[in-house]
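Coordinate-derived values only; no laboratory data. As the structure is a computational prediction, the values presented were derived from the model and not from experiment. Reconstructed Cβ throughout: ideal geometry from the backbone, glycine too, with neighbour counts over all protein chains shown.
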Amino acid sequence: MEQLFLEPLFLAQLNGIGNLIIVALAVLAGSYFLDGIWVKGFTSALIVAIVISVTNYFLGGMLKSIVWPIKWLPFGFAYMLVDAVLIYIAHYILGGFKVKDFWSALSLAGIIALIQWFL
């Protein structure tokens with residue numbers, strides 16, 4: 001299960017555009033089920049997936065090295081924290097995507113991880 005969270009949003013390891021679309025659909029699902037997440041539409045969700053992938057490419061390694069001491073947490077929770085930070089950064093970059101607080105970002109990271117795990 002830990003492998004799931006190592007590079008879930010890394011653009012270079014995508015199986016083409018398919019994974020970006022899956023993440024975009026997960027963001028849309030998160031905006032539907034979570035009160036703290038708002039996305040304008042599918043195009044904005046796709047841009048969110050791209051921005052998360054790019055920020056993960058540049059900042060993901062550094063953030064993962066910061067959470068390395070708590071890597072022992074079950075279900076890859078430490079890497080979900082990294083993904084939540086990346087989602088929160090995307091919230092500041094994009095206008096068509098809003099995240100109410102960090103807990104909402106963490107919940108969205110969990111939804112993305114679950115959907116990617118099932119597929």
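Shown for 43, 55: other C-beta atoms within 10 Å of each C-beta, ranked fewest to most, produce the order 43, 55.
When the Cα positions of 80, 113, 99 are compared along the charge dipole of the stretch 2-118, 99 comes out farthest toward the positive end, with charges on each C-beta of Lys, Arg, Asp and Glu.
Peptides 20-31, 62-73, ordered by how many other C-beta atoms sit within 10 Å of their residues on average, highest first, read 20-31, 62-73.
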